[in-house]
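Taking it in order: structure first as structure tokens, then the write-up.
The values are calculated or read from the model by the stated rules, or taken from the named source; none is laboratory data. These numbers come from a predicted model, not from an experiment. Note that we place each Cβ from the backbone using ideal geometry, even for glycine, and neighbour counts take in every protein chain shown.
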Amino acid sequence: MSTSLFSLAFGVGTQNRQGHWLEVFYAQPLLHPAAELAEAVETFFGETQGNRTLPFSTAQAASLATALRDVAPAQASLLTRLAESNKPLVAVLLAEDAAPASTPEAYLKLHLLSHRLVKPHGVNLSGIFPLLPNVAWTSQGAIDLGELAERQLEARLKGEWLEVISVDKFPKMTDYVVPAGVRIADTARVRLGAYVGEGTTVMHEGFVNFNAGTEGPGMIEGRVSAGVFVGKGSDLGGGCSTMGTLSGGGNLVISVGEGCLIGANAGIGIPLGDRNIVEAGLYVTAGTKVALLDEQNALVKVVKGRDLAGQPDLLFRRNSQSGAVECKTNKTAIELNDALHAHN
């Protein structure tokens, strides 16, 4: 019998009238649970092979809570609460970090990210989109789109108001987890599966996609798209502030170093090193032709954006006369960094 699991979680969720899962909430997902707990759960369900999605009853929840009381008190307490549910329950046991094969598996991996148990691109999300149904997120929870009209009519006949907040594959992160030490001005702009590090502020126009996020502390005033991970800010440097667009996607990971500033309406398609500045309105991609300048603003050579990926202490700007994208050493950042090292 296997005594190790990649992840384990007990959840409560929503199904449509055909019994298909719409969403799942995991209050206490686990990464690499203790071997004793994994063995006890596998023994209870009689399932010992591969990744498993196992619906279970409230009676089973109560029995499992008793079995785990001395092994994992926190999980036993959760199962005691789940035993009171009038919504469907599910256990997900992941033997390995393979591509998700069910909606409950997909939701577990999104939870692992938003609970800060893994970082963006730290878990296999291949093929996740077909497993996430497009549903109506309403004031009464997730509703299958094919059942929405009838539910709206039912609400009206009862004198109730059914608000449709969004129609999407992804729910708001804060409906599932609110990480400690964060500020989010508009919770609708942070999706489940976002990693929001402690000390992060997401302003009203900020957006953080799934499989993306910030290590914190820092301020997000623009878009952080899938695959982007923003590094820690610097107190003396004012933190890592993003006011533009950070674009990743696919298997591409765009990292942003410490103490960076991406100006308003600016964006990047390359990783940034520490203490980089991208001028407002400028978008730097891997193929962007960039003129390297020396201290006297003389041209040294022309390179592509990818050649500067990950380099520290750079200032990207656009020449107001020629329109050329230019890059020179960010002297202020270097002087500040030298002062910090001298002080330490």
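Of all residues in segment 79-102, those that are under 22 Å from the mean Cα position of the chain (by Cα) and either surrounded by fewer than 16 Cβ atoms within 10 Å (Cβ to Cβ) or acidic (Asp, Glu) (or both) total 5.
Residue count for segment 119-153 satisfying the condition of being more than 26 Å from GLY213 (Cβ to Cβ), in contact (Cβ under 8 Å) with a residue 40 or more places away in the chain and either part of a helix (DSSP H, G or I) or in contact with an Asp or Glu (Cβ under 7 Å, 6 or more places away or on another chain) (or both): 2. You will find that of GLU105, GLU150, the residue that is within 22 Å of the chain's Cα centre (by Cα) and either crowded, with 19+ Cβ neighbours inside 10 Å or modelled with pLDDT of 95 or more (or both) is GLU105 and no other. The single residue among ALA74, ALA59, ALA106, ALA83 that is closer than 30 Å to GLY231 by Cβ and in contact (Cβ under 8 Å) with a residue 24 or more places away in the chain turns out to be ALA106. For segment 123-147, the set of residues classified as surrounded by fewer than 17 Cβ atoms within 10 Å (Cβ to Cβ) and either under 23 Å from SER255 (Cα atoms) or under 17 Å from the mean Cα position of the chain (by Cα) (or both) consists of ASN124, SER126, GLY127, PHE129, listed by residue number.
Taken over segment 160-174, the criterion of being in a loop (DSSP other than H, G, I, E, B) and within 18 Å of VAL24 (Cβ to Cβ) is satisfied by LYS169, PHE170, PRO171. Restricting attention to segment 170-187, the residues that are farther than 26 Å from VAL12 by Cα and crowded, with 17+ Cβ neighbours inside 10 Å total 0.
Only residues that are among the hydrophobic types (A, V, I, L, M, F, W, C) and closer than 16 Å to THR214 by Cβ were counted across segment 154-191, and they come to 8. Looking at GLY216, GLY233, just one residue is in a loop (DSSP other than H, G, I, E, B), closer than 20 Å to LEU261 by Cα, modelled with pLDDT under 95 and touching a Lys or Arg at 6+ places or on another chain (Cβ under 7 Å), and that residue is GLY216. Total residues in segment 1-55 satisfying the condition of being within 21 Å of ASP97 (Cβ to Cβ) and surrounded by 17 or more Cβ atoms within 10 Å (Cβ to Cβ): the figure is 23. Would you mind telling me which numbered condition in (1) buried (at least 16 other Cβ atoms within 10 Å of the Cβ); (2) in contact with a Leu (Cβ under 7 Å, 6 or more places away or on another chain) VAL300 fails? Failed condition: (1).
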